[in-house]
Amino acid sequence: MNLTDTHCHLADPALRENLTHVLTAAREAGVGRFIVPATRPQDWQDVADLAERASENPLWGNIHIALGIHPWFSDDVSEPDFQRLEQALQVRSTAWVGEIGLDFYDKTQTPPQRERQIQVFSRQLAIAQTLRRRVIIHNLKTTADIAAAVKQTGFAQGGIVHAFSGSAEEARVLTKLDFKIGIGSLLLNPNARKIRETLKTLNDTDFVLETDSPFMLKKEINTPANIPGIAKIAAEIRGTCVEEIAKVTERNADALLGR
Ligand SMILES: [Zn+2]
């Protein structure tokens, strides 16, 4: 099987220090393509280095990167960071913009904090639109605000809304805006019911697979080798076989990566 992990933080110290092992295990599990997002300016270089090392190590598989500022770090950002982001993207013509987005999970956030997240997100959407790059979006309880920012900035390059946890209606809002839904490690939790219901309603063209490694698992470090397990559960939920899930999600990943 040929599978893609469309969201894995391979430059995170939990994985980076063991990378040859992590990527060998992934290859043996049939996972040979990876989209690796950054989270803040301090890790852009690490993520970019990873792509370069991968190009020298064919056994590592195919690594695509995204550079951006995660909503959790919105308060730390200032104007020069956006200029650096634009420059870093110009140097790397195939890099996407990510991981960017909104996270309103924490109910103690103040309105100015949320407004700041929206500003930082919108600014990066505008950069992605100017440079014609796809984006990777973190969306936690913010689908309506994500849609509003996309429309307001005129962003129309598509991408992935990762680790999706919302309803079927919310998924439809996003697929109409040309985003694929990132289906991932939430499926490994049998109590995560809403995403199972949502997954049943998606079209074959609507979703891709991801782990969000090294995160999402309570007791262990998540790795891309868990993609086939996620594909298998997705197949059960959708009443199909794992080969079919592999086929449609690879086709969707190919379309996003422009092949
Ligand atoms: Zn992530």
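Here the average projected area of the convex hull drawn through the C-alpha atoms of the chain stands at 12.9 nm².
Full-extension gain between Lys151 and Phe73, please, as 0.36 nm times their residue separation minus the C-alpha to C-alpha distance.
25.8 nm
Here the spin labels are modelled as points 7 Å beyond Cα on the Cα-Cβ line, and at Arg16 and Gln42 they lie 1.1 nm apart. Per residue, the Cα convex hull of region 14-55 amounts to 78 Å³. Quick check: the distance between the Cα centres of region 209-247 and region 1-46, to the nearest angstrom? After rounding, the separation between the Cα centres reads 15 Å. Full extension of the chain between Leu140 and Lys200 gives 19.6 nm of extra length, using 0.36 nm per residue less the Cα-Cα distance.
Taking every Cα-Cα distance in region 138-182 and sorting them into 5 Å bins from zero, the calculated P(r) comes out as 5, 25, 40, 24, 6 percent.
Which whole-number percentage describes the relative contact order of region 3-257, with Cα contacts under 8 Å and a sequence gap of 6 or more? Relative contact order, region 3-257: 20 percent.
Using a 7 Å offset from Cα along Cα-Cβ at Ser167, what residues in region 191-206 end up with backbone N under 17 Å from the label point? Once the point is set 7 Å along Cα→Cβ of Ser167, 193-202 turn out to lie under 17 Å by backbone N, inside region 191-206. Here region 38-81 is scanned for amide nitrogen atoms under 11 Å from the site 7 Å beyond the Cα of Val91 along Cα-to-Cβ, giving 44-46, 48-49. One decimal place: the segment Asn62-Arg27 gains 11.5 nm when fully extended, by the rule 0.36 nm per residue minus the C-alpha distance. Need one word for region 32-158: rounded, prolate or oblate. Basis is the Cα gyration tensor (sqrt eigenvalues a ≥ b ≥ c); a/c below 1.5 gives rounded, then a/b vs b/c decides. Cα axes put region 32-158 in the prolate bin. Within straight-line reach of Lys141, meaning a Cα separation under 20 Å, sit the following lysines at least 8 residues removed in sequence or on another chain: Lys107, Lys151, Lys176, Lys180, Lys194. Between Glu243 and Glu52, the FRET efficiency estimated from the beta carbon spacing at R0 = 35 angstrom works out to 0.55. Computed across region 84-207, the Kirkwood radius stands at 15.1 Å (inverse of mean 1/r, all Cα pairs). Backbone amide hydrogens, once placed in the peptide plane, bring Ala163 within less than 5 Å of Gly182, excluding anything fewer than 5 places away on its chain.
No value in this document is a laboratory result; all are computed from the given coordinates. Owing to the predicted nature of the structure, the values given are computational and were not obtained by experimental measurement. Ideal geometry is used to build each Cβ from the backbone, glycine not excepted, and the neighbour counts take in all protein chains shown.
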